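Chemist: Dropping a structure here in C-alpha cells format, bear with me for questions.
The values are calculated or read from the model by the stated rules, or taken from the named source; none is laboratory data. Fair warning: this is a prediction, and the values are worked out from it, not measured in the lab. Cβ placement follows ideal geometry from the backbone for every residue including glycine, while neighbour counts extend to all protein chains displayed. SASA here: full protein model, heavy atoms, side chains in, ligands and nucleic acids out. Shrake-Rupley method; radii C 1.70, N 1.55, O 1.52, S 1.80 Å.
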Amino acid sequence: MAARRASFSFLSGRGLLRRTPATSLLRSDNARHLLPGALRRFSTEPADEEPIKPSVEVKYTQLLINGNFVDAASGKTFPTADPRTGEVIARVAEGDEEDINRAIAAARRAFDEGPWPRMTAYERCRVLLRFADLMERHADEIAALESWDGGKPLEQTARAEVPMATRCMRYYAGWADKIHGLVVPADGPHHVQVLQEPIGVAGQIIPWNFPLLMFAWKVGPALACGNTVVLKTAEQTPLSALYVASLLHEAGLPDGVLNVVPGFGPTAGGALASHMGVDKLAFTGSTGTGKIILELSARSNLKPVTLELGGKSPFIVMDDADVEQAVELAHQALFFNQGQCCCAGSRTFVHERVYDEFVEKSKARAERRVVGDPFKKGVEQGPQIDGQQFKKILGYVKSGVDGGATLVTGGDRVGSRGFYIQPTVFADLQDEMKIAQEEIFGPIQSILKFREVGEVVRRANATHYGLAAGVFTTSLDTANTLARALRVGSVWVNCYDVFDAAIPFGGYKMSGIGREKGAYSLRNYLQTKAVVTPLNDPAWL
C-alpha cells in the first residue's frame, strides 16, 4: 500500500514541524506548554548566559572543487560567526574569481566528458536516494551545524528543515527517470522528436536564511536532469552546504559534478554570474542583488536566470475569523525564523471590526514568545544572523516610531551579547510608511486596518513584490475571491508556510522569475530540442 505523502508546515505547534495534509489545521499555541527551564519573554538571560556548546565538529571549511576539498587559490579565509555571541566558529576558504574559474572548468569537464549525464537516469536516481539516506543518518550533525551557523532554533532545524531537505532530494531522485520527450505529428512525411536535454553547467547562489533547504531546492532538480553544478554559498552560513556536499560524494556522485565555493557576492558571486562558461544561473536572495545578477548574466552570455527574491507578503484577517487562531497564525507567519523569511507575512491586514482585539492579543502573544539560545529546549526565537542585519532591523524600529506608527511592544535588543531582538509589534500604520513598504527581514509585525474586500485587495497588491499571501476566513467565497485577486505566487488559506517538494514556489513582479520545487523546477535545468527526419513512404503519419 502506498504511503500517504505529507506536506510540511513550519507553523504548527511553536513554529515547529508537523505533518499535515496540504491545508494545515490550525492549533493555538501558548507559553503554558513550554518545556521546563524555557526562557521567558524579553529576558537578558539568553544573550548574557554562557551559550550551549553544540555537539558537532566542523569538518569541512575548504572549497569543494572536482571532488576534492582544497584551499582558495589566494590562500584567503574568512570567519563564519556564531550569531549568539558574534564569536568565530571557524575560518572558511574564501573563493574568488580564480576559484570560480577552477570550479566551472571542473564542472564543464564533468559534463562534457564525465559519466554523470551519460549514466542511465535510474543510476542517477540511485545516487540521489543514497544521498538522502546519508542525510537521514547524519541528521543530528546537519541540524546542529545549521543552527550554530545561522542562529536557528535546533528544534526547527531538526524537526523541519533537515527532513524537508531530505524529502526534496528523494522527490527529485524520483523524477530522474521520469524526464522524457515527445514524438509529435507533423503536416507532412516527417518524424519529429522533441527531446529534453540537460542544460549543462548550472551556477547556483544560495542565501543565508535557509542554506540547507536552498541547497536541496537547487541541487536536487539540477542533478536529476543530468547537469553539473557550481554552487556559491552565502558567506554567513557556509557550513551545512559543505557538509552535505561531502555526503553527496560519499553517495557516489562523480568528481566535478558538484562544486561548492564559499565566498562573497561581489567577487565569487559576480564571477559566477558573468562567466561565459555557465549555461544557466539560479539565485535566491534580495531583489536588489537579483537585479545585479540578471544584468551580469545578460552582459555575458545571456544565460537563462531564475530568481527567487524578496517579498512584503500580506496576511489578511477577515471579520469572521476566530481571532485567537488568526493571532497565532499571523504571529508565526511573521516571526518564524526570527522574521528572516522571504515570504514572511509582514503586512498583517485586519478587518476593522476585530482590529483592536487582534492587536491586543498579538501584543500578548509577542510578549510570550521565548527568545534565547537556539540550542535550548522550548526556545522559539534565536538571534538575527549578524550585526549588520541586527542594526538594520533596529533602524526600521526607529523609522516606525518616527513615522507615527504605534509601538505596541518590543523594539529593543535582548541582552547585551549577540544579535537578539525583542519580538516587536506596530499598530496604526499607514501604507506609505517605510515599515509597511520595505522588506525588513526581522521580527517586526506591522498590523494595518481595513474595511472591505475590494479595499484590502487594492492595498495588498500595491507593492513591487508578489511572493506570497495569507488569507484567514471562514467564507469559501471570500477565500476564492482573494486567492484569485492577489498578485502573488503562493496563497495560503487558513494556513501559512505549508511547503511540499511538489508545490511550486516563486513570485510575481519583483519577487522573482521562474519557480522552485515541483515539476516546474525541472524546466529550469532542461533544454528543449526538436529533431526532424524525413519519412520515405511511411505506413502512417
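Chemist: Scan Pro221, Pro163 and give me the residue that is open to solvent by less than 10 Å² (accessible area, probe 1.4 Å), modelled with pLDDT of 95 or more and in contact with a Leu (Cβ under 7 Å, 6 or more places away or on another chain).
Modeler: Unique residue meeting the criteria: Pro221.
Chemist: Does segment 173-193 contain at least one residue that is open to solvent by less than 10 Å² (accessible area, probe 1.4 Å), within 27 Å of Ala344 (Cα to Cα) and of a type in the set (Gly, Ala, Ser)? Break it down into steps so the answer makes sense when it comes.
Modeler: At the first step, the residues of segment 173-193 found to be open to solvent by less than 10 Å² (accessible area, probe 1.4 Å) are 173, 176.
Subsequent filtering for residues that are within 27 Å of Ala344 (Cα to Cα) retains none.
Taking every residue of segment 173-193 in turn, none turns out to be open to solvent by less than 10 Å² (accessible area, probe 1.4 Å), within 27 Å of Ala344 (Cα to Cα) and of a type in the set (Gly, Ala, Ser).
Chemist: If you check Ala364 against the conditions, is it free of Cβ contacts under 8 Å to residues at least 12 places away in the same chain and either part of a helix (DSSP H, G or I) or surrounded by 24 or more Cβ atoms within 10 Å (Cβ to Cβ) (or both)? It would help to see each step written out before you state the result.
Modeler: Working: free of Cβ contacts under 8 Å to residues at least 12 places away in the same chain: yes; either part of a helix (DSSP H, G or I) or surrounded by 24 or more Cβ atoms within 10 Å (Cβ to Cβ) (or both): yes.
Taking the combined requirement at face value, the residue satisfies it.
Chemist: Considering segment 304-327 alone, what residues qualify as being of a type in the set (D, E, K, R) and open to solvent by less than 10 Å² (accessible area, probe 1.4 Å)? Working first, answer last.
Modeler: Within segment 304-327, the subset of a type in the set (D, E, K, R) is 308, 312, 319-320, 322, 324.
Listed by number, the residues that qualify are Glu308, Lys312.
Chemist: Might you let me know whether segment 381-392 holds any residue that is surrounded by fewer than 17 Cβ atoms within 10 Å (Cβ to Cβ), small (Gly, Ala, Ser), over 25 Å from Phe450 (Cβ atoms) and in contact (Cβ under 8 Å) with a residue 40 or more places away in the chain?
Modeler: Taking every residue of segment 381-392 in turn, at least one turns out to be surrounded by fewer than 17 Cβ atoms within 10 Å (Cβ to Cβ), small (Gly, Ala, Ser), over 25 Å from Phe450 (Cβ atoms) and in contact (Cβ under 8 Å) with a residue 40 or more places away in the chain.
Chemist: Looking at (1) open to solvent by less than 50 Å² (accessible area, probe 1.4 Å); (2) within 30 Å of Ala501 (Cβ to Cβ); (3) modelled with pLDDT of 90 or more; (4) touching a Gly at 6+ places or on another chain (Cβ under 9 Å), which one does Val58 not meet, given that it meets all the others?
Modeler: It fails just one condition, (4).
Chemist: Now for a separate question. Being more than 13 Å from Leu253 (Cα to Cα), among the basic types (Lys, Arg) and buried (at least 21 other Cβ atoms within 10 Å of the Cβ), is that true of even one residue in segment 111-129?
Modeler: Within segment 111-129, none of the residues are more than 13 Å from Leu253 (Cα to Cα), among the basic types (Lys, Arg) and buried (at least 21 other Cβ atoms within 10 Å of the Cβ).
Chemist: Restricting the first residue to segment 58-70 and requiring it to be over 14 Å from Glu250 (Cα atoms) and among the β-branched types (Val, Ile, Thr), which pairs with a second residue that is in a strand (DSSP E or B) and open to solvent by less than 20 Å² (accessible area, probe 1.4 Å) meet a Cβ separation below 6 Å and a spacing of at least six or different chains?
Modeler: Val58/Ala90; Thr61/Ala90; Thr61/Val92; Ile65/Asn259; Val70/Leu63
Chemist: When the residues of segment 328-341 are filtered to those that are within 18 Å of the chain's Cα centre (by Cα) and not polar (S, T, N, Q), which remaining residue is surrounded by the fewest Cβ atoms within 10 Å (Cβ to Cβ)?
Modeler: The first filter runs over segment 328-341 and keeps only residues within 18 Å of the chain's Cα centre (by Cα), leaving 332-341.
Among the residues that remain, those that are also not polar (S, T, N, Q) are: 333-336, 339, 341.
On the way: Ala333: 27, Leu334: 30, Phe335: 27, Phe336: 26, Gly339: 23, Cys341: 21.
By that ranking, first place goes to Cys341.
Chemist: Within segment 162-200, count every residue that is in a helix (DSSP H, G or I) and more than 20 Å from Leu522 (Cα to Cα).
Modeler: Of segment 162-200, the ones in a helix (DSSP H, G or I) are 162-175.
Retained after the next criterion (residues that are more than 20 Å from Leu522 (Cα to Cα)): 162-163.
Residues meeting the conditions: 2.
Chemist: Can you name the helices (runs of 4 or more DSSP H) wholly within segment 215-328 that have at least 3 residues being free of Cβ contacts under 8 Å to residues at least 24 places away in the same chain and out of contact with any strand residue (DSSP E or B) (no Cβ under 7 Å at 6 or more places or on another chain)? Steps first, please.
Modeler: On the way: elements: 239-250, 270-274, 287-299.
Qualifying helices (runs of 4 or more DSSP H): 287-299.
Chemist: I need the full set of residues from segment 402-433 which are open to solvent by 20 Å² or more (accessible area, probe 1.4 Å), modelled with pLDDT of 95 or more and among the hydroxyl-bearing types (Ser, Thr, Tyr), in order please.
Modeler: Hit for segment 402-433 is Thr406, nothing else.
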